[in-house]
1. Count, please, the residues in the stretch 814-860 that happen to be closer than 30 Å to Gly310 by Cβ and modelled with pLDDT under 70.
2. Among Leu734, Leu726, which is touching a residue at least 12 places away in the same chain (Cβ under 8 Å) and within 31 Å of the chain's Cα centre (by Cα)?
3. Just to check your reading of the model, which residue among Thr620, Thr703, Thr686 is assigned to a strand (DSSP E or B), under 30 Å from Gln529 (Cβ atoms), open to solvent by 30 Å² or more (accessible area, probe 1.4 Å) and of a type in the set (S, T, N, Q)?
4. Modelled with pLDDT of 65 or more, of a type outside the set (Lys, Arg) and either under 25 Å from Ser244 (Cα atoms) or surrounded by 16 or more Cβ atoms within 10 Å (Cβ to Cβ) (or both) - does that describe any residue in the stretch 318-327?
5. Give me the pairs, please: first residue somewhere in the stretch 474-494 and touching a residue at least 24 places away in the same chain (Cβ under 8 Å), second residue anywhere and open to solvent by less than 60 Å² (accessible area, probe 1.4 Å) and among the charged types (D, E, K, R), beta-carbon distance under 7 Å, and either six or more positions apart or on two chains.
6. Name the residue that is modelled with the lowest pLDDT, counting only residues in the stretch 524-560 that are over 43 Å from the mean Cα position of the chain (by Cα) and of a type in the set (S, T, N, Q).
7. Before we move on, is Lys630 exposed (fewer than 14 other Cβ atoms within 10 Å of the Cβ), among the charged types (D, E, K, R), in a strand (DSSP E or B) and touching a strand residue (DSSP E or B) at 6+ places or on another chain (Cβ under 7 Å)?
8. Does any residue of the stretch 633-649 turn out to be crowded, with 17+ Cβ neighbours inside 10 Å and in a strand (DSSP E or B)?
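The values are calculated or read from the model by the stated rules, or taken from the named source; none is laboratory data. Since this is a predicted model, take the numbers as computed values, not measurements. Because the Cβ atoms are built from the backbone with ideal geometry, glycine has one as well, and the counts that use them run over all protein chains shown. The accessibility values were calculated without ligands, DNA or RNA, using every heavy atom of the protein model including side chains. Shrake-Rupley method; radii C 1.70, N 1.55, O 1.52, S 1.80 Å.
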Amino acid sequence: MLINSVKAHAFLPFHVNVKNSFFVQMPDTTKPKADTLRKSVDTLDAGGDENGIETKVDYTADDSIRIEAENKKAYLYGNAIVHYEDFDLKAAYIEIDNKTNLITAVGMPDSSGKMQGNPQFKQGKDEMKCEKIIYNVKTKKGKIFGILTKQNDMFIFGEAVKKDTNNVMYIKRMKCIPCEFEDAMIYFRASRAKVIPNDKIVTGPLFLEISNIPTPLGLPFGFFPNVKKEKSKMGILMPSYGYSATQGFYLLNMGYFIPVSNKLHISLFGSIYGNGSWAIGSTTSPMFQYKINYKYSGSFNVVVSQNTSGILEDNPKFGATRDANALTKVYNGRVTWTHQQDAKYDPTIRFSASVNAGSAGFGRYNNQSASTYLTSTLQSNIAFTKMFRTSTLTINVSDAQNLQTHNIQIDAPQLTYAVNRMFPFKDQAHTMQNWLDKLYVDYTLQSKATINTGDTTLFKPNGLKALQYGLYQRVPIGTNISLLKYFTLNPQATFQQYTNFQTTETVYDDASQKNEAFVRKTPSLAFDQSYQVNLTTKLYGDYVFKSKLLKQIRHQIIPTVGFVYHPDMQNSNLNFYQHVQTGIDSTTNKNVKTPTYNYFSRYSNGLFGGPAGAESGAITFNINNTVDAKVRQKTDTSISYKKVAILQMLSLGGSYDVAAKQNKLSVINLSARTSFFKNVVGVLFTSAFDPYAANANGTRGTTFQYDENGKLARFTNCNLSVNGNLTNAQIKGLQNSKQPFSIGINYNLQFTKTYSVQPGPITSTATAASQLTSSQNLGVTFSFKPTPKWKFDIRSGYDFKLNSISYTQFTMYRDLRCWEARITWVPFGPTKQYMLTLNLKSPSLSTLKIPKQKLWQDNL
C-alpha cells in the first residue's frame, strides 16, 4: 500500500500497543464508510490489552509512507519523523519493523550523490547526529554509526556506538572535541570510550591530534567530567607544575573538588615545592562557595603556607656563626570571606561580610597576582543592619591592618542606632511650610569596643590590655528659614554626650620637669554643645556672545557665611579638663622658674574624643564657584545648544574666631575641580595656606606672615591629581570599532612645606628653616584588542622622585577557539617573573592546562 501526501501525518497517525502488537489493525479502506482522513485512533478501542502498557508512536513523512501490513513494516521517505515516548528521530529515510521492534534510520543521497538528511536522534535531553541508527523501542538499546553528539560543552565523534538501556554509550574510534566548535582542528583521539550521561567520559589510551595529524602528546587513559553546569561531580583539579631555581620542582594549586550540594561547593587546594615549601589553600580560588537562590551567596577561603629558603647544611650548630644562606622557614596565613544578601530576600534586614585578614608577609611570600603584592593595607568589615519603621540599627565588626607598620585596629563590636529625622511640629494642612514646620530633630547612638596594637602583640598574654570601649550620643535640632526671597538661613543646635571607660590623668613631675600621664580605668561622663547658623544665597553672572559657536557663559557663585559658637568646656567645675603646670616657656622652649599652666583633656585618648576646649565664636566663610557654557551644536534637522562645564568647582574657605586669644584666623583652603574632552580627563587640585608664620619650633606661631615678610599667607601643602580614561567608544567614528582599546592615566603631584628648628640659640624672633618636599607619580594602563582573538594589556608607572619605573606587567591573550593561551610577564622588580599558560576554555576542563613559568621567588 503506498500513500502519497504533502504531510502524511495529517492523514495517517498510527498508535502503538507495545505489549500486544506494533501496529493497530487498520480499518478496511474499501468500505465506503471508512474515513481515511481521521487524525487519531483511540488505542482502548483498538483491541489492546486493558491491563497492558499502551504507548503510541507518531510518525510523519514529507514524501510518502509505504505500509506492509503482512510483514508489519513501515517505510517513511522524505524528512521522516518518529516520536515514541521521550524518543524523537528525524531522517531522510526511516524503517519501522514491528516484528523485531527495531527502528532503522539513514540518510539518502541527492542527485549529486551527497548524503542528505542524516539521522538526528533525541532522547530526553540527549541529542546526537549520525550516519545510521538502529534502535530497539522495546529494550531501548541501539547501535549507531558515524555518531556526532554534544555532551554538555564537548562534542563526541564515534565510528560505531552501542547504546544500552541506561543511555550509556560504548564508542569505537572516538574523537573528542573539548569545546562547542564541532569543526575544531585540535582534539583528542581514543580507540574506545565509555560515555555515561551526566557523569563522566572514560577512555583508553588518549592522544592529541591537530588537523588529523597525531602528536606524541598522550595519556594512558582519559577521564573527563560530563555534567551540566548546574550539576557538578567531585574530581581532581589539575595543578600547575614546573621548576624553580630556588624552590625546586613544584606542583602548584593541585586540588580536589567536592560538590556537597547545589548550594555548597568545596575546593581543596595544596602546593608543594622541592625545597620543602608548601601551602594549603589557593589565593586564586576560594575553598568554600555557597549560594541559596533569592537569599544569599558568598565564598570563604583560608590559606596557610610555609616558605623555606636557604640550605639545610648551613644551619648553625654548637654556637657556630649563622650563615647568611642558612635554612629559614617563614609561616604565613590569610583568611577571606565575602557574603552578599539578595536585596529581595528581606528589605528590612541586611547582612554582608567582606573579610580580608592575615599576616603581614603573606603578600610577599605567596604572591600570585599583582593585587596581592601591591596591597599595603587589609580591610575587613562584617555588618548587620535592621531597619525599623522610624529607626535603623547597625552592628559592625571591622578590622584594619597596615602591612608596612604592622599595626592592627579591631572594632568589635561597633553599634549604631539612628532615629530617622523627625518633624514634630509639621502640619500637613499647610500648603506653604514655615520655619516651625521645617524644625527637625535627629538622634544617633554609637558604642564601640576597639583595640589598636601591633599584630605581633595582639595574641600575647597582655595583648588585650589596649582594649578601649565607649559610648557617644548626638542630638541635632535645626530648621531652615527663607529670608528676603533670595537667602536661606540654617540655624542648628547640637548636643553631644560622651561615656568613656578610660580617662587620661596628667601630673607634673618636679624632678624631671615633665608631665607624666597615666590611664584611669573608670567610667566617666561628659557632654558638649555647639550652636551654629549659616546664611547662603546664589549669585549668577551671564555673559552673552554673538559668536556662532559660543552662545553664553554662566558664572554661578554660592557664598556661605556662618557663625559657630562653642561655650567654654575647660571650666574647672565641669572636670573635663585638667589645669596642669607645664614648666615650659612656649616662646623660648626652656624651663623657667615661674611655672606656666596649660589645660589637658581627660578624654584626649577616648574612642570618641571629648568636649572641645576653650570658648570659641568662629565666623566661617566659603565661596564656591562654577562656570558653564552653552555651545552651539548643529544637526541635520535643527540647531541646539549643549551645556558644557568649564569649571566644575572652585572653592575658597576658612574661619575667624572672635573669642580666641590668639591665632584667630584658620588655615585657608583652596580647591578646584574640572574635566576636559567630554569628561575623558579629570583634574583635582587642593591646597592650604596659613596666614601665620612658623615659629622657632617649626610649628604655627602667633605672628602674621604679612608682618613677618610682607606675604599674605604661608604655603603649607598642595596636591594635583590628573586622571584620564579613553576608550574607542568615546571617539567619534570608532564607537563600533572591531579593534577596541582603553587607555588609563593617573598622575599625582604633591608638595609639602615642612619646618625644622634653627640651629643655635632660640630667641623670641627666631623662625624655623623651611624645606619643600615633593612626590610625583604616574600610573598607566593600556588594553588593546587588535582582533577578536588577540588582546594585549599593559600596566606600568613611573616614580619621578625615585627615578624608577613602578610595578610593570605585560599580558598577552590569544583565543584559540577550544583553547586559550595567556602570557604574563613582569620584566623587573622584586616580583620579576613570567608565566605561559595554554588551557582549555571549557568550564569543566579549564583546569587541564600546560603551564610554563618562572616563579618570582627565584628573585629572593
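1. Selection size over the stretch 814-860: 5.
2. Leu726
3. Only one candidate qualifies: Thr620.
4. Yes, the stretch 318-327 contains a residue that is modelled with pLDDT of 65 or more, of a type outside the set (Lys, Arg) and either under 25 Å from Ser244 (Cα atoms) or surrounded by 16 or more Cβ atoms within 10 Å (Cβ to Cβ) (or both).
5. From residues that are touching a residue at least 24 places away in the same chain (Cβ under 8 Å), the pairs are Val475/Asp442; Pro476/Asp442; Thr479/Lys438; Asn480/Lys438.
6. Ser547
7. No: the conditions fail for Lys630.
8. yes
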